1. Within the bounds of region A:119-128, is there any residue that is modelled with pLDDT of 95 or more, more than 16 Å from DNA strand B (Cβ to nearest atom), out of contact with any Leu (no Cβ under 6 Å at 6 or more places or on another chain) and of a type in the set (S, T, N, Q)?
2. Identify the residue in region A:159-178 that is under 9 Å from the mean Cα position of the chain (by Cα) and within 15 Å of DNA strand C (Cβ to nearest atom) and, among all such residues, is nearest to A:Gln212 (Cα to Cα).
3. Can you confirm whether region A:191-202 contains a residue that is of a type outside the set (Lys, Arg), without any contact (Cβ under 8 Å) to a residue 12 or more places away in the chain and not in a loop (DSSP other than H, G, I, E, B)?
4. Hey, could you check region A:51-78 for residues that are within 16 Å of DNA strand C (Cβ to nearest atom) and farther than 14 Å from A:Ala126 by Cα and say which is surrounded by the most Cβ atoms within 10 Å (Cβ to Cβ)?
5. Restricting attention to region A:32-66, and to residues there that are at pLDDT below 95 and of a type in the set (A, V, I, L, M), which single residue is nearest to A:Leu154 (Cα to Cα)?
6. Of everything in region A:79-130 that's under 18 Å from the mean Cα position of the chain (by Cα) and of a type in the set (Val, Ile, Thr), which residue is nearest to DNA strand C (Cβ to nearest atom)?
7. Please state which of the following conditions A:Arg217 fails to meet, knowing it meets all the rest: (1) modelled with pLDDT of 95 or more; (2) in a loop (DSSP other than H, G, I, E, B).
8. Considering only region A:2-20, I want to know if a residue exists there that is in contact with a His (Cβ under 8 Å, 6 or more places away or on another chain) and not in a helix (DSSP H, G or I).
Amino acid sequence: MPARFSKRIRAAIERMACEYGPQGWWPIASEVQRFAPSNNPRRLEGYHPGEFDFPRTIAGRFEICCGAVLTQNTAWANVRHALEGLLVANALSAKRLLELPEEQLASVIRPAGYFNQKASYLRAVALWFQANDAMLVRSERSLFALETARPILLKVRGVGPETADAVLLYAYRLPTFVVDAYTMRVFGRLNVVDSQSSYEVVRSLLGDALRQRTLERTVEYYQEAHALIVEHAKRHHGRKSDATKDFLLD
DNA sequence: AGCCAGGCTACCG
DNA sequence: CGGTAGCATGGC
């Protein structure tokens with residue numbers, strides 16, 4: 001019965017892929033330039049289109065975790081400034097971030113907004129990172145690993161479902177689909193979901209529709225699909241809906 | 001000058 | 001359970 005919308009969902013993603021090309025999420029500014037130079041201008045901001053073997057380092061994974069918290073209800077341009085602040089403050093590792101007094105941490109991430117809340121969240125995430133990163137990298141990636149790690153991550157203060165899924169999908173390449181406000185808007189417009197669908201329902205609906213033959217391919221496809229949805233929504237779906245410009249509805 | 005941005009917690013009924 | 005105020009900066 002959920003297969004009812006699967007075709008529509010997959011067609012929408014495929015169309016976005018053709019229209020927008022490879023996205024290369026999640027951006028990892030501190031890591032990406034070091035590997036494989038390229039002409040792609042987005043690479044300078046940490047995007048790595050067509051390359052799915054990021055992050056490759058513990059620093060890259062921690063940067064994703066921080067970015068996932070900092071971007072909560074915040075434009076990415078502001079997050080970049082905050083991440084750069086962390087880099088300059090030499091606080092882009094769990095240990096060194098935790099050594100920074102919380103008040104100072106807050107002032108460093110000020111451009112990302114909600115800086116007092118987020119300073120507290122970042123500390124909690126850094127503690128989680130110290131306790132879980134090595135294990136997650138070492139253990140075999142599987143549905144079991146995902147279902148084990150996810151509830152633990154969701155208990156961390158400041159980590160809700162979207163932040164957790166972004167960390168698991170992009171930092172640890174575990175096969176979970178990331179649902180955000182854009183996802184709700186885009187697929188709401190396509191009558192695939194409605195405003196009262198819960199996060200979990202939408203996550204499993206899209207996850208089922210977009211699952212691929214292997215775990216590895218599924219992860220890559222989930223990563224790309226989420227980035228494409230954001231790109232599409234930025235172009236066509238303001239908060240004040242304007243379906244007229246949406247080519248998916250043609 | 002206002003609206004918006006890659007949400008989450010706490011608290012309400 | 002679902003609904004909502006509060007959190008805050010920078011860009012357009």
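The values are calculated or read from the model by the stated rules, or taken from the named source; none is laboratory data. Worth saying up front: this structure is predicted, and the values here are computed from it rather than measured. Neighbour counts are summed over all protein chains in view; Cβ atoms, including those assigned to glycine, are modelled from backbone coordinates with ideal geometry.
1. No: zero hits.
2. A:Glu162
3. Checking region A:191-202: at least one residue is of a type outside the set (Lys, Arg), without any contact (Cβ under 8 Å) to a residue 12 or more places away in the chain and not in a loop (DSSP other than H, G, I, E, B).
4. A:Thr71
5. A:Val32
6. A:Val79
7. Failed condition: (2).
8. Within region A:2-20, none of the residues are in contact with a His (Cβ under 8 Å, 6 or more places away or on another chain) and not in a helix (DSSP H, G or I).
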